[in-house]
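Reading through the structure tokens given below for one structure.
Readers should treat all values here as calculations from the given coordinates under stated rules, not as data from a laboratory. Treat the numbers as computed from the prediction; the structure is a model and nothing was measured. Glycine gets a Cβ as well: all are built from the backbone with ideal geometry, and neighbour counts include every protein chain shown.
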Amino acid sequence: WNRKQRLHPVEGKPGHFATTVYILPGTHHLRFLADGIMQTSPDLPTTVDFGNNLVNYIEVNPDDALVEPQQGSTVSKAEVQVDDSAPQVGSEPKEPAKSKGKPVLAPETY
């Protein structure tokens, strides 16, 4: 993904925020914008990107991809929960929310 993704408060967990991002398999770099400061999570591995910025990364295995039957596309779900003090990756699976954007096509359709 190439956009900022807004985090939403987690009900019953003050100070915790979460979002769901559907991404294709592969390695993805990410950073967190908290209180106007770009930062990395201490709970995720870090690397230096092409712009020499310190970033976190996640690896999505093609075997972990979800298939959405109505569109026939293959996407993966990365779930991230962020605390005010330290971003963390969530481990609880949740029902996928309806996308407000365009569907992502399977790589073989390109």
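In this simple spin-label approximation, residue 20 and residue 49 carry label points 7 Å from Cα along the Cα→Cβ vector, and these lie 2.5 nm apart.
Based on the mean of other beta carbon atoms within 10 Å per residue, what is the order of 25-34, 41-50, 4-13, most packed first?
Values: 25-34: 14.9, 41-50: 12.2, 4-13: 10.5.
Put in order of decreasing packing, that is 25-34, 41-50, 4-13.
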